[in-house]
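Quick notes on the structure that follows.
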Amino acid sequence: MKVTFKIWRQEQSDAKGALKSYEIDGLSEDMSFLEALDFLNESLVLKNEKVIAFESDCREGICGSCGVFINGRAHGPHDNMATCQVHMRSFKDGDTIVVEPWRAGAFPIVKDLVVDRSAFDRIIEQGAYITAKTGTAAEANAILIPKEVADSSMDVAACIGCGACVATCKNASAALFVSAKINHLNKLPQGQPEGHKRLLEMTTQMELENFGSCTFTAACEMECPAEISISSIAEMNARYIKAKFFG
Ligand code: FES
């Protein structure tokens, strides 16, 4: 198949960027979207042109590194799917496909389609862990956890930290990501001793990183590859009020 990619090219964060067109033929509809970008880069190498910088690692929807806007949608044309899970059969022969980096003040562009998502790392550092004694691991069944609690924790633990929630939100809010990282620990007995501290420190860091406020448009829920529900944000807000005002 033959398509025209219009891809955001930007040498570095303070340089001026622009969309550049590339016509490419010989793609297979069975290629993943990232393989199509690899194919394009190989053709640029042969022409002695600079390759397009983009991120990927696992290429199976686990690591969260691959996010870009495809034709104006975070991660492309499908709901709840990472960029690396999109295949070229999602497009038609002759299509023009516009590819841009995440757009959010808290995610500055590093180069082309690569953005700096270290703001997420700094939020994680504030409390997305539990403090446990080293030594022999405790018997796995020593703390009994009701299945519905374990399931609900696992639902939010599925967050891959890709940043699509921020990029697609008109306010560039990180509420879905932060709520997932707080709630998956705060729901479980092992996470509760540090629960209030975790919640207050992670939400404070979120504010320091200049993410916007959540206004519950639910755009994040639609684009989240892990299908995390905005009910996670409501739960975080309820826990926040409890932690802040009732200790
Ligand atoms: S490359 Fe890992 S989620 Fe896409």
Percent antiparallel among DSSP beta bridges confined to the chain, nearest 5, equals 75 percent
Can you tell me the orientation of helix 195-208 relative to the chain, as the angle in degrees between its alpha-carbon axis and the longest Cα principal axis, to the nearest 10? 40 degrees
Straight-line reach from Lys133: which aspartates and glutamates have Cα under 18 Å away, leaving out those fewer than 8 places along the same chain? Glu194
How charged is the neighbourhood of Tyr240? Take every other residue with its Cβ under 13 Å from the Cβ of Tyr240, and add Lys/Arg as +1 and Asp/Glu as -1. +2
If every Lys and Arg gets +1 and every Asp and Glu gets -1 at its Cβ, then about the Cα centre region 117-246 yields a dipole, in debye to the nearest 20, of 340 debye
Burial ordering of Ser229, Ser179, fewest other beta-carbon atoms within 10 Å first: Ser229, Ser179
Fewest Cβ neighbours within 10 Å first, please rank Cys63, Cys224 accordingly. Cys63, Cys224
To the nearest 20 Debye, how big is the dipole of region 4-99 about its Cα centre, given +1 on the beta carbon of each Lys and Arg and -1 on that of each Asp and Glu? 360 debye
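Taking a threshold of 28 Å on the Cα-Cα distance, which of the pairs Lys50/Lys170; Lys111/Lys187; Lys47/Lys92; Lys20/Lys92 fall above it?
Table pairs above 28 Å Cα-Cα are Lys50/Lys170; Lys111/Lys187.
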For the chain, what is one quarter of the convex hull surface built on the Cα atoms, given in nm²? 15.7 nm²
Could you give me the ³J(HN,Hα) list for region 68-79, computed from phi with Karplus coefficients 6.51, -1.76, 1.60 and θ = phi - 60°, whole Hz, x at Gly and Pro? 9, 7, 10, 6, x, 10, 4, 6, x, x, 9, 6
So, in Å, what gap is there between the alpha-carbon centers of region 97-169 and region 36-89? 21 Å
Region 164-198 scanned against label point 7 Å out from Thr217 along Cα→C-beta; backbone N under 17 Å for 164-177
Please get the size of the charge dipole for the chain, origin at its Cα centre, with Cβ charges of +1 on Lys and Arg and -1 on Asp and Glu, quoted in debye to the nearest 20. 740 debye
So for each of 45-54, 1-10, 180-189 I average, over its residues, the number of other beta carbons within 10 Å; can you give me the resulting order with the highest mean first? 180-189, 1-10, 45-54
Residue by residue, what Karplus-based ³J(HN,Hα) values in Hz, rounded to whole numbers, does region 40-47 have, using 6.51, -1.76 and 1.60 with θ = phi - 60° and x for Gly and Pro? 5, 4, 4, 5, 5, 4, 5, 9
Using Cβ counts within 10 Å as a stand-in for footprinting exposure, how do Arg103, Arg198 rank, fewest first? Arg103, Arg198
What nm distance separates the two modelled labels at Gln192 and Ser21, each placed 7 Å from Cα along Cα→Cβ? 6.2 nm
Could you name the aspartates and glutamates in cross-link range of Lys147, using Cα to Cα under 15 Å and dropping any fewer than eight places away on the same chain? Asp155
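Coordinate-derived values only; no laboratory data. Since we're looking at a predicted model, the values are computed, not measured. Note that we place each Cβ from the backbone using ideal geometry, even for glycine, and neighbour counts take in every protein chain shown.
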